[in-house]
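Take a look at the structure below.
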Protein chains: 2
Amino acid sequence: MDLEDTLLMMPGPVPVAPRVLRAMSKPMINHRGAEFSAMYDDCCEILADVFRTKNDIFILSGSGTAAMEAAVGCTVGKDDVVIALENGKFGERFKDIAARYGKVNALENDWGSSFDLDEVEKKLEEGAKAITLVHNETSAGIQNPAKEIGRLAKKHDALFIMDGVTTLGGDTVQTDDWGVDIAVVGSQKCLAAPPGLSMISVSERAFEAMEKKESLPYYLDLKACRKSSKKSQTPYTPAIPLFFGLQEALHIVKEEGMEARIKRHATGARAIRAAADAMGIEMFPQLNKYSHYSNTVTAMRSPAGISSDDIKKDMIARGITIAGGQAHLKGKIFRIGSMGNVQPKDIILTIQELGVVLKNRGVISDIGAGVEAAGEVLDELL
Amino acid sequence: MDLEDTLLMMPGPVPVAPRVLRAMSKPMINHRGAEFSAMYDDCCEILADVFRTKNDIFILSGSGTAAMEAAVGCTVGKDDVVIALENGKFGERFKDIAARYGKVNALENDWGSSFDLDEVEKKLEEGAKAITLVHNETSAGIQNPAKEIGRLAKKHDALFIMDGVTTLGGDTVQTDDWGVDIAVVGSQKCLAAPPGLSMISVSERAFEAMEKKESLPYYLDLKACRKSSKKSQTPYTPAIPLFFGLQEALHIVKEEGMEARIKRHATGARAIRAAADAMGIEMFPQLNKYSHYSNTVTAMRSPAGISSDDIKKDMIARGITIAGGQAHLKGKIFRIGSMGNVQPKDIILTIQELGVVLKNRGVISDIGAGVEAAGEVLDELL
């Protein structure tokens, strides 16, 4: 029996509002007509507020990974050094992408552990064309110090390329103030649109770097994007239904307002941490003074003797999809996404069911402790 | 007043069936779950029949251009020669993509004119890693001799890369019989799904070529696609609503059956040509014995002294979107797409309105001649 009623509490794709779903069922339009252009401009205007930037913003018909590749592939040449900061799966992805276009000088931390800014600066002193950072490492539930690394990148004249895939639209990002040359976000995370689009902001300095490249990727050519965007178009056929959905999702963002949206996300994640603490579940990330727990996805260690795959399976049986660990973290951690339009009631239900699962597995005896702790935090939103 | 009721008679995006539109408004699912995998497999199975291939088929979250780049970017290295056959905008695009990855040896015809197979063979004798062909040159309404060029490519040991963007799903394509190593199609053309996805079939010989490449594009990495497809997944987050739409569109293809679908497309285009002839409108393509008029998009010369932009504008005012000419053909030709699920009644209406437009502009005196000629052909489908 498929009721299409599973609660997605993964770090994306996130639940999409009914009005966004309805928007996607509109008939096709000419992608070179005025109607599409008006929609494109409307989206970019709201995104400028989300990114807090005056830089150009483009909407790519491709996932967040496409935007990550556009960022690196358009700016980094084969003799250029990229400092790739890795403390999770997406930092690793940036490193892998960078290796296809240039020379990688990686800072590889254990996943979920914090970067030492002195080490980052030491790398930058060796000279680099660009430095890549995942602002919020979705795979490990840790928020990395984007502002501080932006300052260091500027000091050492490296392009600052930032994956804001699970912060933009749900957490504080100051693209211009932090000196982010290229910031990227996926549609299916904090913005609560369906997956398939990604948005990218590009600074003049980044465009200058493109002039020095012999050849750019074709589909992900940011210079072609810039040229087409002057006509409020995309260089190649856009994924029209996803634009319908994105526009509606961005209207929801605008109606809520970024300040309230950021507060809701931070409070939701804090509520989940409070619940975990009350149930004796440990956080996964290892923080230092520059890093934070993620405000959009909470990564927790699986209780001793229990695979997180089993917790995930038990939750799915109860109608709630959470995420396990990726790569070598499979079975060891589980992750609850609380991004997009996730409401307090969704968090309460998730914690309630997690309590039942943990009790059934003999981890806790008091189901109510988690919900009580989470509820206390969430009430701040009332 | 926007009734969302414009009839799209462009060469894509095409009108999408209401049941396809409804499918896209389903709630999000976990893209790593069983439901998504079942959908992925279902799509690939129907596509194998559309492509007539036993090769691997992958579904990319990106437009047809993305698939064109995947084909070239994954197989062609910087010292490899690509013979790019150009007689329209998309042949030019293949040439431009090839130039970013390898060395181009182009055969540049006037747009809309036919390839001389002797000239093609002469190019192949000079030696090449790959040859690119646009099967149906959408920009010029000409169908190029894919079967014959496939034979030549095989004889001279070049990979045959074919853009079937506006034939696959609506016209005869024999991927395996013709020796097409890589064939690509976009979702928003003959398959009548929304834009945003592309499908690509890849031969073993093409995979072998990838092994010799130092580095592949990342988002469009066909080796990564192959690895993920073994788990019925995509390497990166797929555009879920577009997959919902594609699956439904492919079910329609299956219900109609490829044979009937091909006949409907061929008959529709023939009806438009008959109408044009009856109204004294000239076809744009210059055929030779190996080329044909397109079965999916009809390109016509604008009547003397009239810009096709004006014809297009007049048609839009009457609720029907047709296409003008691209690049240097702007104003000179107009194009009527008859691909996807376009029905005889849509063609009749388009011809009727075109007749009115041409009469108003003083080109013809008898509005009925076009409709009568088209109707006679279309009645073969009854």
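The values are calculated or read from the model by the stated rules, or taken from the named source; none is laboratory data. Model, not experiment: these values are computed from the prediction. Counting neighbours? That spans all protein chains shown, and the Cβs are built from the backbone with ideal geometry, glycine included.
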Single match in A:LEU242, A:LEU216, A:LEU220, A:LEU246 (criterion: in the same structural domain as A:ALA71 (by TED's automatic domain parsing), in contact with a strand residue (DSSP E or B) (Cβ under 8 Å, 6 or more places away or on another chain), under 30 Å from A:ARG100 (Cα atoms) and not hydroxyl-bearing (Ser, Thr, Tyr)) = A:LEU220
Within segment A:99-115, restricting to residues that are of a type outside the set (A, V, I, L, M) and within 14 Å of another protein chain (Cβ to nearest Cβ), the one that is farthest from A:SER215 (Cα to Cα) is A:LYS103
Conditions (1) under 19 Å from the mean Cα position of the chain (by Cα); (2) surrounded by fewer than 18 Cβ atoms within 10 Å (Cβ to Cβ): number failed by B:THR298 | (2)
Checked pairs for segment B:131-158, first more than 22 Å from B:HIS328 (Cβ to Cβ), second hydroxyl-bearing (Ser, Thr, Tyr), C-beta under 7 Å and 6 or more apart or across chains, list as B:HIS135/B:THR167; B:PRO145/B:TYR290; B:PRO145/B:SER291; B:GLU148/B:TYR290
Heads up, the helices (runs of 4 or more DSSP H) in segment A:1-88 (entirely inside) with at least 3 residues that are more than 9 Å from chain B (Cβ to nearest Cβ) and either within 21 Å of the chain's Cα centre (by Cα) or polar (S, T, N, Q) (or both) are A:34-51
A:GLN188: passes all of (1) touching a Leu at 6+ places or on another chain (Cβ under 7 Å); (2) within 14 Å of chain B (Cβ to nearest Cβ); (3) not hydroxyl-bearing (Ser, Thr, Tyr) but (1)
Yes/no for A:GLY179 being of a type in the set (Gly, Ala, Ser) and under 12 Å from A:SER294 (Cα atoms) = no
Quick one: A:GLY179 ticks every box in (1) on the phi < 0 side of the Ramachandran plot; (2) without any contact (Cβ under 8 Å) to a residue 60 or more places away in the chain bar one, so which box is it?
-> (1)
In segment A:51-97, what residues are more than 22 Å from A:SER291 (Cβ to Cβ) and small (Gly, Ala, Ser)?
-> A:SER61, A:GLY62, A:SER63, A:ALA66, A:ALA67, A:ALA70, A:ALA71, A:GLY73, A:GLY77
Before we move on, is B:LYS254 among the charged types (D, E, K, R) and within 30 Å of B:GLU45 (Cα to Cα)?
-> yes
So, first residue modelled with pLDDT of 95 or more in segment A:366-382, second residue not in a helix (DSSP H, G or I), Cβ within less than 7 Å, six or more apart or across chains; the pairs are A:ALA369/A:MET279; A:GLY370/A:MET279
Would you be able to say whether some residue in segment B:47-59 is among the hydrophobic types (A, V, I, L, M, F, W, C), crowded, with 20+ Cβ neighbours inside 10 Å, in the same structural domain as B:LYS227 (by TED's automatic domain parsing) and in contact with an Asp or Glu (Cβ under 8 Å, 6 or more places away or on another chain)?
-> no
Just one listed residue, out of B:ASP176, B:ASP157, B:ASP163, is within 14 Å of another protein chain (Cβ to nearest Cβ) and acidic (Asp, Glu), and it is B:ASP163
Hey, any hits in segment A:200-223 for a residue that's among the β-branched types (Val, Ile, Thr), more than 12 Å from chain B (Cβ to nearest Cβ), more than 27 Å from A:LEU329 (Cα to Cα) and surrounded by fewer than 24 Cβ atoms within 10 Å (Cβ to Cβ)?
-> no
Considering each residue of segment A:228-242, count those that are touching an Asp or Glu at 6+ places or on another chain (Cβ under 9 Å) and away from chain B (no Cβ under 11 Å), and give that number.
-> 2
Hey, does segment A:160-170 have a residue that's among the acidic types (Asp, Glu) and more than 24 Å from the chain's Cα centre (by Cα)?
-> no
Output the residues belonging to segment A:342-359 that are within 14 Å of A:GLY268 (Cα to Cα) and either surrounded by fewer than 23 Cβ atoms within 10 Å (Cβ to Cβ) or out of contact with any helix residue (DSSP H, G or I) (no Cβ under 9 Å at 6 or more places or on another chain) (or both).
-> A:GLN343, A:PRO344, A:LYS345, A:ASP346, A:ILE348, A:LEU349
Which is among the acidic types (Asp, Glu) and under 21 Å from B:LYS189 (Cβ atoms), of B:ASP314, B:ASP309, B:ASP346?
-> B:ASP346
Of the residues in segment B:107-164, those that are assigned to a loop (DSSP other than H, G, I, E, B), in contact with a strand residue (DSSP E or B) (Cβ under 8 Å, 6 or more places away or on another chain) and among the acidic types (Asp, Glu) come to B:ASP110, B:GLU126
Can you work out which of the residues in segment B:274-292 that are within 21 Å of the chain's Cα centre (by Cα) and crowded, with 21+ Cβ neighbours inside 10 Å is nearest to the other protein chains (Cβ to nearest Cβ)?
-> B:PHE284
Matching entry among A:ASP118, A:ASP96 (being without any contact (Cβ under 8 Å) to a residue 12 or more places away in the chain and within 12 Å of another protein chain (Cβ to nearest Cβ)) | A:ASP96
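Residue by residue, here is whether (1) away from every other protein chain (no Cβ under 11 Å); (2) in contact (Cβ under 8 Å) with a residue 12 or more places away in the chain; (3) assigned to a helix (DSSP H, G or I) holds:
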site	(1), (2), (3)
B:ARG226	yes, yes, yes
B:PHE244	no, yes, yes
B:GLU248	yes, yes, yes
B:GLU259	yes, no, yes
B:ARG264	yes, yes, yes
B:THR267	yes, yes, yes
Name every residue in segment A:183-219 that is closer than 30 Å to A:ASN295 by Cα, part of a loop (DSSP other than H, G, I, E, B) and touching a helix residue (DSSP H, G or I) at 6+ places or on another chain (Cβ under 9 Å), in order of residue number.
-> A:SER187, A:GLN188, A:LYS189, A:CYS190, A:LEU191, A:ALA192, A:ALA193, A:PRO194, A:PRO195, A:GLY196, A:LEU197
